[in-house]
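Accompanying notes for the structure given below.
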Amino acid sequence: KTISYFIDTNLSNPFTVYVMNTDHPDIDQISIRLAVFDLDFTIWKPEMYEIDGPPKRKSNGKGGTATVTVTDRQDTEITIFEGANYALTHINSLRENKNIDIEAAVASRTDEPEWAQTCMDWLIVDDGKSLTSCFAFVELGFSDKKEHFKRLREKTGIPYSAMVFFDNEMRNIASVQELGV
């Protein structure tokens, strides 16, 4: 049987994970230990193939009021989605303040892994952490998401059944579901 998870950001506890198939035999034993995110159009926009050249930092303002944005050569801003920002900030808080055993990871298919890594280094979530520091494990490359997950399983020792995956493309979700994610 397949278990589907989703996060409802309109509730008072927006990182509540709902199990859609409540007749699953392990319903009381589900524990998410690894939240895995795609990057392009799941964590940020635009996608790496859509930007013109490698990312660059652009400072707006001076002194204490200065903000830094990440753009491409045409000044197209690369931004973190509000929901992704909230989810990562909340995972950080669960781990640091509530001693919850949960990590975040990346599984992203990209033909520009250096650009993606630069964006992760420079983009900051609301708790002041870079995306790079939010993710304990990173799989970047143009291989199938199943291969990313196999490597994540090897690195972490976390079973697929304790992983959840967020991606904007159903073909990627279907691919890793075959592993038991």
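If I filter segment 132-179 down to residues being in a loop (DSSP other than H, G, I, E, B), touching a strand residue (DSSP E or B) at 6+ places or on another chain (Cβ under 6 Å) and among the aliphatic types (A, V, I, L, M), which single residue comes out as surrounded by the most Cβ atoms within 10 Å (Cβ to Cβ)? Spell out the reasoning first.
The initial filter retains those residues of segment 132-179 that are in a loop (DSSP other than H, G, I, E, B), namely 135-136, 142-144, 157-159, 167-169, 178-179.
From what is left, the residues that are touching a strand residue (DSSP E or B) at 6+ places or on another chain (Cβ under 6 Å) are 135-136, 142, 158.
Remaining after also requiring among the aliphatic types (A, V, I, L, M): 136, 158.
Working: Ala136: 15, Ile158: 18.
This residue is Ile158.
Matching residues to (1) of a type in the set (A, V, I, L, M); (2) at pLDDT 60 or above:
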position	(1), (2)
Asn21	no, no
His24	no, no
Ile30	yes, no
Ala35	yes, yes
Thr42	no, yes
Gly53	no, yes
Thr71	no, yes
Asp75	no, yes
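So how many residues does segment 120-131 have that are open to solvent by less than 50 Å² (accessible area, probe 1.4 Å) and in contact (Cβ under 8 Å) with a residue 12 or more places away in the chain?
Going through segment 120-131, the residues open to solvent by less than 50 Å² (accessible area, probe 1.4 Å) turn out to be 120, 123, 125, 130-131.
After this cut, where a residue has to be in contact (Cβ under 8 Å) with a residue 12 or more places away in the chain as well, the list is 120, 123, 125, 131.
The total comes to 4.
Of all residues being assigned to a loop (DSSP other than H, G, I, E, B) and closer than 24 Å to Glu50 by Cβ in segment 79-119, which is most open to solvent (accessible area, probe 1.4 Å)? Just the residue, please.
Let us first name the residues in segment 79-119 that are assigned to a loop (DSSP other than H, G, I, E, B), namely 81, 98-102, 110-112.
After this cut, where a residue has to be closer than 24 Å to Glu50 by Cβ as well, the list is 81, 110-112.
On the way: Phe81: 58, Thr110: 8, Asp111: 97, Glu112: 51 Å².
Checked segment 79-119; the qualifying residue most open to solvent (accessible area, probe 1.4 Å) is Asp111.
The values are calculated or read from the model by the stated rules, or taken from the named source; none is laboratory data. All values derive from a computational prediction rather than experimental measurement. Every residue, glycine as well, gets a Cβ built from its backbone with ideal geometry; the counts of neighbours run over all protein chains shown. Accessible surface areas use protein heavy atoms only, side chains included; no ligands, DNA or RNA. Shrake-Rupley method; radii C 1.70, N 1.55, O 1.52, S 1.80 Å.
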